[in-house]
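Notes to accompany the following structure.
Each value in this text was obtained by applying a stated rule to the coordinates, not by laboratory testing. The structure presented is a predicted model; accordingly, all values stated were derived computationally and were not measured. Note: ideal-geometry Cβ built from the backbone for every residue, glycine included; neighbour counts use all protein chains shown.
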Amino acid sequence: MIRAVTFDFWNTIAQVPTGAMTEARTRALAAACEEGGLEVETAALVAALEEVGAHWERSWSEGVHLHPHQAVEILVRELGAEGAAEELVGEAFLGAHREVDLELTPGVGEVLAELAGRGIRLGIVCDVGFTGGESLRAVLEREGLLQHFSGWAFSDEVGHYKPDPRIFEAALAALGTGPEEALHIGDLRRTDVAGAAAMGMTTVRYRGVHDDLDSAPVKADHVLDHHRELLALVSR
């Protein structure tokens, strides 16, 4: 019997319009550099952001955790920012997400409310990128969704990426539930499906906004195209 459901965040609960986050960070950093008296050409600014992004992708794929503040250190070094400019650049980079309106995935709010109303304990297991858990909880609270969750495990707070078992263990501990009574839903085969399967959780690959074509051999127990399908699945 399923007593708890953990959700991936990106492309499962919410998504970012294509290019919106990069554009917001570029604008915010350009303003920060100008305010801090740091002359940086737009091309150099874009190149610095690309380098930080590539560094994160390598770390994530290798399972070596990169905290958002470590990404700031890389960015500051790439831009040659010092003194007041260094602090302004860091604040702009980490706070740029506030200028981006995240889009909730279709039906997720209603399904979360229904599951919580049934007494199902809900959690989040999320690899955060450069927007930390504190910020993502603020987004959920603004959307009226945070109240449905009983626990979470964000990588910047746990120190591990999926599929590392420790991030799933942290979420399950917060929910007070064993893996045999828990279901995890997310879009990625390598991290969401493989990580949850190794824990002994029921696995669901959600492809409502992103159909992951990764060739990872592990297959999800179920594949869903809309969150409302989760209601019948949990009932079974």
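Membrane-span-like helices in the chain, defined purely by DSSP H runs whose alpha carbon atoms cover 18 Å or more axially and whose average Kyte-Doolittle hydropathy reaches -1.0, are 20-35, 42-62, 83-95.
If the viscosity is 0.692 mPa s and the temperature 37 °C, what Stokes-Einstein diffusion coefficient in µm²/s follows for segment 20-99 when Rh is the Kirkwood radius over Cα pairs?
So the translational diffusion coefficient is about 262 µm²/s.
A simple spin-label model places the labels of GLU39 and SER59 3.2 nm from each other, with each point 7 Å out along Cα-to-Cβ. Residues TRP56, TRP152, TRP10, ranked from the fewest to the most other C-beta atoms within 10 Å, line up as TRP56, TRP10, TRP152. Here the label points at LEU233 and ASP211, each 7 Å from Cα along the C-beta direction, are separated by 1.6 nm in the simple model. Fewest neighbouring Cβ atoms within 10 Å first, the residues ASP212, ASP221, ASP192 line up as ASP221, ASP212, ASP192. Nearest 0.05, what FRET efficiency do ARG142 and THR22 give at R0 = 22 Å with Cβ-Cβ as r? About 0.50, to the nearest 0.05.
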